[in-house]
């Protein structure tokens, strides 16, 4: 039940875009139309769900202070947590590469729709941010990490698709003042949607 | 491009945040108060300048298909140094910035400048480009942080600047400015002002 609660929280309350502003760069650049936005959203969800448990295992069994005791009790005072940034980003970059190759080999159709976005994801702050938040909050098990990763990914997907839909309409039907066109109005739309999402605060299942 | 324009263009005409739209995440997240915004700006200037120089020095030996990973490793190494330094000498600020120091690694400004400039230029212009873009980024951070702290808490750098007589007369801090969405609106306003002076930047 706790995991389900965390999953819902991650989608609506701790939303990556509206609460933490992670992954804004690709969010602004790719939210011009719904189809590509949805593709990127799927890719981000996928990568978050994969990398978060991997990084969780690394954090618990290798990096954290005293985590190496499972090898031998002598390692009890070894603390490798200063390496965590490098390890996390290496995991993310190599997983991106790996997923790209696997998808290209076994699902060419998916690759052609997702392919261009995969390299972008290695430098998407939402992915690394997910791992860093995982490090800050003590997750109890791998499943918690999977739920949080999936939830954050879906929240990101929801946000980018919704904003892309609004942007598509605005580009066609509205007469926006020149200086705000494009990026400016996107910021304001995102802000208004963020305020709307604040109404989910305190939801509990 | 002359060294001078490499250095000064990112201040306004080619600002990394409001024109190139890079590195937005941290601009929005660390600007509730002015102090973390300044620290964040300085950290990014340092990391950006040195990673630009390092990548520029080894640019001819990096194989093109693994260049993203090489760049990430260089940047991650520098960010680890910065975060350890901050934890040692400015612990409170480093606590406030929390994950966002680590997220400098995936700050799009870094990847953008490394790809677009350092991979094709000599170390000295790359250094200037790094410092220039870092300053351009810090300017926006400081403007946003200034308005959010002034209007949201009535303080600057922790000192109260709105006089007590204002509060006595019924002035109230705008609590909305502290909430995340207002950072977006503040940046949108900066873009609005900036683009009304630079008409060639407006989108059709």
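All of the numbers you see were taken from the coordinates with simple rules; none came from a lab. Everything numeric here is computed off the predicted structure, so don't read it as measured data. Ideal geometry is used to build each Cβ from the backbone, glycine not excepted, and the neighbour counts take in all protein chains shown.
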So residue B:73 and residue B:85, fully extended at 0.36 nm per residue minus their Cα-Cα distance, gain in nm 2.5 nm
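Is there a simple number for the mean count of other chain Cβ atoms within 10 Å of the Cβ of residues in A:87-93, and what is it? Show your work: numbers first, answer last.
Values: counts 1, 3, 9, 4, 0, 3, 8.
For peptide A:87-93, the averaged partner shielding equals 4.
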Per residue convex hull volume, Cα only, region A:1-123, in Å³ is 150
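What order do you get for A:64, B:195 when you list them from fewest to most C-beta neighbours inside 10 Å?
Numbers: A:64 17, B:195 23.
The fewest-first ordering by Cβ neighbours comes to A:64, B:195.
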Rg/Rh of region A:61-155 (Cα atoms, Kirkwood Rh), to two decimals, equals 1.06
Gyration tensor (Cα only) of the protein assembly as shown to equivalent ellipsoid, semi-axes in Å sorted down, yields 31, 26, 25
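Hey, got the average number of other protein chain Cβ atoms within 10 angstrom for residues in A:185-198? Don't skip to the end; give the middle numbers.
On the way: counts 4, 4, 14, 8, 2, 6, 11, 3, 2, 8, 7, 1, 2, 3.
The per-residue average across the peptide is 5.
At 222 nm, what value in deg cm²/dmol follows for chain B if DSSP H runs of at least 4 each add -39500 (n - 2.57) and the sum is divided by all its residues, to the nearest 500?
Numbers: 10 runs with 133 residues, N = 204.
Taking each H run of at least 4 residues, the total per residue is -21000 deg cm²/dmol.
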Fewest-first ordering of A:52, B:128 by Cβ atoms within 10 Å yields B:128, A:52
Expected max-MSF residue from A:158, A:58, A:85 in the GNM of chain A (alpha carbon, under 10 Å) is A:85
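Under the Kirkwood approximation for Rh and a Cα-based Rg, what ratio Rg/Rh is obtained for region A:1-67? It would help to have the intermediate numbers written out before the result.
Details: Rg = 15.0 Å, Rh = 14.0 Å.
We get a ratio of 1.07 for region A:1-67.
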Short to long, in 5 Å steps from zero, the percent of alpha-carbon pairs of region A:82-205 per bin is 2, 8, 13, 16, 18, 15, 14, 9, 4, 1, 0
With -39,500 (n - 2.57) per DSSP H segment of 4 or more residues and division by the full residue count of chain A, the 222 nm estimate, nearest 500 deg cm²/dmol, is -21500 deg cm²/dmol
Taking A:74-82, B:71-79, B:129-137 and ranking on average Cβ neighbours within 10 Å, highest first, one gets B:129-137, B:71-79, A:74-82
So for R0 = 25 Å, FRET eff. of residue A:98-residue A:72 from the Cβ-Cβ r, to 0.05, ends up at 0.20
Expressed in angstrom and ordered largest first, the alpha-carbon extents of chain B along the principal axes are 66, 46, 26
Taking Cα atoms only, Rg over Rh for region B:1-64 with Rh from the Kirkwood formula is 1.04
